[in-house]
Structure formats: structure tokens, C-alpha cells
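The values are calculated or read from the model by the stated rules, or taken from the named source; none is laboratory data. Treat the numbers as computed from the prediction; the structure is a model and nothing was measured. Don't worry about glycine lacking a Cβ; one is built from the backbone with ideal geometry, like all the others, and counts go over all protein chains shown.
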Amino acid sequence: MKKSNKKKIEEFIRVDHAGERGAIKIYEGQLLALNTFVKDDELKKTIEEMKEHEREHANYFEQEIRRRRIKPTKFLPLWDLLGVGLGFGSTLLGKKAAMLCTASVEEVIDEHYQNQIDQIESDEKELKEKIIKFREDELHHKDIAYEKGASKEGVYSIFDKIVKTGSKIAIRVSEKI
């Protein structure tokens, strides 16, 4: 494997590990709000199911981090805090905002994963197959979010842009540091 390809794969795994862990933290924040201030058992069940997919994804990347001896991003503690805060805050704003949070993140991840899929070479077949599967899961989460009320109308369009911008920044930072 070429050095540059190895470095690229390390960046992919580092950022995907951080991203999947971040998704879990967003859902944990949403569940915290749902268990304390906002009572919506249907939404809680939906979020718990999506969180389980994210746990599967995060576990895979955690194993890859260890197996390949890749240093995780130094920003994991900050991403954890921001993820819980984003999830909690979006849920306090209501079901539309909570589901838009999921949809907005998943739209960024769709593009992010597709970009990785396009760059992964044949010597990383298993990694590529996993990312393809995880991307499909994320697209399913996006669809669920829109089915459950996500909307970009009115002020929600601003929230969408904030979440997407934050996600893109976290991706760029986590690739490198």
C-alpha cells in the first residue's frame, strides 16, 4: 500500500470513528431530553433504534482504530460534549428540530461517505463494504427523520445550515488532528 493511501485510510478511519461516536452522543442528548423534559415515547423508540445502528458503526471503527494503531482525534471529548448538547437542545426545541438535526447530519454524512467510497482502493475491500453499508443505514435514518417531521421551512432552514456547517467543520478537524 502506498504511503499516501495509508495516510488517507487512517484519516478516513479517524474521522469516521469520531463521527459515529458523535452520532451516538447526539442521540444520547436527545434521549436525555426525552427522559427528563419532553415526553414522546414514539420518538424515543425511533431514536433508540437509530442509536443502535450508530453503535454498530462506532464499534467497527473502534476496532479498526485499535487494529491499525491509529490515534483517534484529540477532539473526541469536545465532540462528545457538543454532540450531547446538540441532541439535547434540538429535542427541547421540539420534534421537528430533533428530527431535522438527524436529517441534516445524515445529509452531510451521505456526501462524506460517498466521497470516501469513491477514493478507497481495491486493497481495502472490507473497509469499503462497511462504509457502503453504513452509508445505507445513514440514508435510512435521514428518511426516517423526514417521515417523523423534519422540516427545513422557515427558521428551521437556519438550524439546518448551522448543523451542517458544524458537522463539516468537525469532519475536517477530525481528519487531521
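Figures for the structure shown
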| read-out | value |
| --- | --- |
| Checklist (1) surrounded by fewer than 18 Cβ atoms within 10 Å (Cβ to Cβ); (2) more than 15 Å from the chain's Cα centre (by Cα) applied to residue 76, failing item | (2) |
| Unique match (being within 21 Å of residue 147 (Cβ to Cβ) and either out of contact with any His (no Cβ under 6 Å at 6 or more places or on another chain) or among the small types (Gly, Ala, Ser) (or both)) among 94, 85, 89 | 94 |
| Residue within region 155-173 that is outside any helix (DSSP H, G or I), touching a Lys or Arg at 6+ places or on another chain (Cβ under 9 Å) and either at pLDDT 95 or above or farther than 14 Å from residue 104 by Cα (or both) present | no |
| Residue check, residue 157 over 23 Å from residue 34 (Cβ atoms) and touching a Ser or Thr at 6+ places or on another chain (Cβ under 6 Å) | no |
| Checklist (1) in contact with a His (Cβ under 7 Å, 6 or more places away or on another chain); (2) more than 21 Å from residue 53 (Cβ to Cβ); (3) among the aliphatic types (A, V, I, L, M) applied to residue 158, failing item | (1) |
| Residue match in region 91-105 (condition: surrounded by 15 or more Cβ atoms within 10 Å (Cβ to Cβ) and closer than 18 Å to residue 175 by Cα) | yes |
| Residue 64 vs. criteria of a type outside the set (Ser, Thr, Tyr), modelled with pLDDT of 95 or more and surrounded by 18 or more Cβ atoms within 10 Å (Cβ to Cβ) | yes |
| Filter result for residue 57 (modelled with pLDDT under 95 and either more than 18 Å from the chain's Cα centre (by Cα) or surrounded by 15 or more Cβ atoms within 10 Å (Cβ to Cβ) (or both)) | no |
| Residue match in region 21-28 (condition: basic (Lys, Arg), surrounded by 15 or more Cβ atoms within 10 Å (Cβ to Cβ) and in contact with a Lys or Arg (Cβ under 8 Å, 6 or more places away or on another chain)) | no |
| Residue that is in contact (Cβ under 8 Å) with a residue 24 or more places away in the chain, surrounded by fewer than 18 Cβ atoms within 10 Å (Cβ to Cβ) and among the charged types (D, E, K, R), where the choices are 142, 176 | 176 |
